[in-house]
Amino acid sequence: MKNKGKYYITTAIAYASGKPHIGNTYEIVMADAIARYKRMTGYDVRFQTGTDEHGQKIEEKAKAAGKQPKEYVDEVASEIKRIFDLMNTSYDKFIRTTDDYHEVEVQKIFKQLYDQGDIYKSEYEGWYCTPCESFWTESQLVDGKCPTCGSEVHKEKEESYFFKLSKYQKQLEEHIENHPEFIQPESRKNEMLNNFIKPGLQDLCVSRTSFKWGIPVDFDENHVVYVWIDALSNYITGLGYHQGEKSDELYEKYWPADLHLIGKDIVRFHTIYWPIMLMALKQPLPKQVFGHPWMLVGTDKISKSKGNAIYADDLVDLFGVDAVRYYVLHEMPFAQDGTITWELVVERINSDLANIYGNLVNRTLAMVNKYFDGTINTSKLEMTAVDEDLIKCAYETVNQVEQHMNELRVGDAIEDIMNLLRRCNKYIDETEPWVLAKDESNKPILNKVLYNLCEGIRYGAILLEPFMPETSKNVLDQLNTNVRSYDSLETFGQLEDNHKVTNTPHPLFQRLDEKETLEKIEKKLAQTKVVVEHKDEVSIDDFSKLELRVGKVLSCEKHPKADKLLVFKLTAGGEERQIVSGLAERYKPEELIGRKLAFIANLKPAVLRGVESQGMILTAEDSNGQLEVVSFEDVDDGAEIL
């Protein structure tokens, strides 16, 4: 096969805050399918993924878990890698932003940008979203919350280093206009240009002093490098980029990236911050950034806090790796969000994999064994219109898949292959092999029909390899053929003459009983749920003794004598009161000012470490010991909770 050149593909590095759900895992599977397809068709592929392991959120999660940050991210990174390996992904490099070589290069990059005047020190005050690790202006907030994830934001003010994005705005705008393929889909490009770039770029905060879990700024010990320079640099440090020195051969060979595959929520960082960083470093820009849509559960965004998260390993335990790969790749549209539910997975496995594909392979091989003792020959007979139509469909499928994969329309490419398999099933109905078998004189025609079917199946199996690698191998093994290269699809009829298929064909996918399978799923999920230990029952009279009200936080300060306690001043319908609460390990005082919290108003006052507390703030605690206050938005302070 002719070498078509290099192809460097990356995923966004997974944030090492917890186990990835199927929506997170979809990205690595899609990238793997693209990488496998490019390899199959003659490209020298480099495929990189990894984990993003620094930041305030991770520092807080590690503290809540009673672990050091490095210990915490070691465990999470291992779990992320396990999931990626479970999904049979063929990455060449798994980078971690805690890798020594990465940290060294990030410090050099930061220093270079500072020395050349692209980074300067100033002070920042703005609205900060901890989950997204992003600062926002007042105008960017949506209903007073983070425009990306919808979380609460809080005011932060601190000394920071800033990156002069505005200096490169015109250059970036021209690049995007002159390279229409740079940001895909088209809707994402329009969003970046019209909503962020053309209105004017704000200089970017690139260091923090309010937490320590990050790469230190080596010339200013109070600062750590903020997430964007740290995380985004992985795409070049993972190839052996060396700032100010000769880079490794891998970098010289594979950079610039041919494709950054990322979620639609981080397109801004990859199409504004990252290319401007590269411009400042005088390095080539990636050729394309594709912001894929999200996978939803039904119509809802996947959320662990909502309790609707579905995990890859649970899916694999029930359905197998290739069935899960097939579902997430086939069901995700090019530009709109896809959806997953347990019911839909069962339905798709039954309709596509068991019925259309599995049934085709099984009954074709069964007929070859039944009518020809497992051996078929190339046919010398003239092809009929029905034969020619099947062959034409096989050729067209190769071209359609190529076109769709070049456009990153992975779901459409899989549907192209499924249409070929449907055409093979239709060919069986048109030729009726069981009828031909009744007349000995029709044996040559029957041989031709079954040969064409085996060829059609071979085409389908080879084309499906990037998406369902183990199933593809299984089918080609059952065909018992060594003709497995992509080049062999140039000519229909490459299956060997006097060819013997396996005499023990087995189903590719078992048809699932929907009711039984869903009951099994429910039972499995129930085993993973936290068992709630209930307290003794109370009467309504007992409950009515509690006065629960909403109080707005006027001030919040650390307790002068206790590290774990915060001292609140709340107003509730014009009445002010002081409450001491053990929330210092979960919240910074400034995060709670202005919020409306639920509290018990008629709790007998108590003195805690010398400070009087006139009530109790209500919190929820999860299985990991993580606390969260019970808060309200649209009710007045002083309102009674009934």
(request) Just need log10 I(q)/I(0) for region 540-632 at q = 0.14 Å⁻¹, Debye formula, equal scatterers on the alpha-carbon atoms, no solvent, rounded to two decimals. (result) -0.48
(request) Rank the residues Ile600, Ile197 as a footprinting-exposure proxy: fewest other Cβ atoms within 10 Å of their Cβ go first. (result) Ile600, Ile197
(message) Using +1 at the C-beta of Lys and Arg and -1 at the C-beta of Asp and Glu, which of Ile540, Met616, Ile414 has the Cα lying farthest in the positive direction of the dipole of the chain?
(response) Ile414
(message) Taking the alpha-carbon distance from Lys426 and a cut-off under 29 Å, which lysines remain once sequence neighbours fewer than 8 residues away in the same chain are dropped?
(response) Lys370, Lys380, Lys392, Lys438, Lys443, Lys448, Lys473, Lys500
(message) Could you list Arg325, Arg577 so that the one with the fewest beta carbons within 10 Å of its beta carbon is first and the one with the most is last?
(response) Arg577, Arg325
(request) Work out the length of the dipole vector of region 341-500 about its Cα centre, built from +1 on the beta-carbon of each Lys and Arg and -1 on the beta-carbon of each Asp and Glu, and round it to the nearest 20 debye. (result) 460 debye
(message) If amide hydrogens are placed 1.01 Å from N in the peptide plane, which non-local residues have theirs closer than 5 Å to the one on Asp52?
(response) Ala14, Tyr15, Ala16
(message) Between 0 and 90 degrees, rounded to the nearest ten: what's the tilt of helix 443-464 against the longest Cα principal axis of the chain?
(response) 20 degrees
(request) Pop out the ³J(HN,Hα) list for region 180-189 in order, Karplus 6.51 cos²θ - 1.76 cosθ + 1.60 with θ = phi - 60°, rounded to Hz; leave Gly and Pro as x. (result) x, 7, 4, 10, 10, x, 3, 4, 5, 4
(request) Pairs of Cα atoms under 8 Å, at least six residues apart: use those to get the relative contact order of the chain, whole percent. (result) 12 percent
(message) Just to confirm the filter: which GluC sites (Glu not before Pro) across region 513-614 are DSSP coil and have at most 16 other Cβ within 10 angstrom of their Cβ?
(response) Glu533, Glu537, Glu547, Glu585
(message) At a 10 angstrom cut-off on C-beta neighbours, averaged per residue, how do the peptides 378-384, 215-221, 593-599, 115-121 rank from highest to lowest?
(response) 593-599, 215-221, 115-121, 378-384
(request) Measure up Lys145/Lys545; Lys155/Lys545; Lys67/Lys520; Lys2/Lys93 against 27 Å on the Cα-Cα distance and list the ones that go over. (result) Lys145/Lys545; Lys155/Lys545; Lys67/Lys520
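A 29 angstrom limit on the alpha carbon distance is what I want to check against. Which of Lys63/Lys246; Lys198/Lys596; Lys111/Lys301; Lys157/Lys561 exceed it?
Too far apart for the 29 Å limit: Lys63/Lys246; Lys198/Lys596; Lys111/Lys301.
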(message) On a full-extension model of 0.36 nm per residue, what is the gain between Asp74 and Glu396, subtracting their alpha-carbon distance, rounded to one decimal in nm?
(response) 111.2 nm
(request) Report the far tail of the P(r) of region 567-608, meaning the percent of Cα-Cα pairs longer than 12 Å. (result) 66 percent
(message) Whole-Hz ³J(HN,Hα) for each residue in region 272-286, computed from phi via Karplus 6.51 cos²θ - 1.76 cosθ + 1.60 with θ = phi - 60°, x for glycine and proline: what do you get?
(response) 10, 4, 5, x, 5, 4, 5, 4, 5, 7, 6, 10, x, 8, x
(message) I'd like the orientation of helix 169-178 relative to the chain: the angle between its Cα long axis and the longest Cα principal axis, in ° from 0 to 90, rounded to 10.
(response) 20 degrees
(message) Tell me whether region 1-130 comes out rounded, prolate or oblate; compute the Cα gyration tensor, take square roots of the eigenvalues as a ≥ b ≥ c, and use a/c under 1.5 as the rounded threshold.
(response) oblate
(request) Percent of Cα-Cα pairs per 10 Å bin, from 0 to the last occupied bin, for region 94-228, please list those. (result) 11, 33, 37, 19, 0
(message) Cross-link candidates for Lys189: which aspartates and glutamates have Cα within less than 15 Å, leaving aside residues fewer than 8 places away along the same chain?
(response) Glu173, Glu174, Glu177, Glu181, Asp265
(message) In region 341-500, if the dipole is taken from +1 on Lys/Arg beta carbons and -1 on Asp/Glu beta carbons about the Cα centre, which of Leu464, Asn355, Tyr371 is farthest to the positive end?
(response) Tyr371
(message) With n ≥ 4 as the cut-off for DSSP H runs, can you work out [θ] at 222 nm for the chain, using -39500 (n - 2.57) per run divided by the number of residues, rounded to the nearest 500?
(response) -11500 deg cm²/dmol
(message) Can you tell me which lysines have their Cα less than 22 Å from the Cα of Lys523? Leave out same-chain residues fewer than eight positions away.
(response) Lys19, Lys304, Lys306, Lys515
(request) Give the cysteines in the chain for which no other Cys Cβ lies under 4.7 Å away, or write none if there are none. (result) Cys149, Cys205, Cys393, Cys424, Cys454, Cys556
(request) Just the number, please: Stokes-Einstein D of the chain in µm²/s, Kirkwood Rh from C-alpha pairs, 20 °C, 1.002 mPa s. (result) 76 µm²/s
(request) For helix 359-372, report the angle its Cα long axis makes with the longest principal axis of the Cα atoms of the chain; keep it between 0 and 90° and round to the nearest 10°. (result) 20 degrees
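Bear in mind these aren't lab numbers, they're just calculated from the coordinates by the rules spelled out. Everything numeric in this text was worked out from a predicted model, so none of it was measured. When we count neighbours, we look across all protein chains shown, and the Cβ atoms used for this are built from the backbone with ideal geometry, even at glycine.
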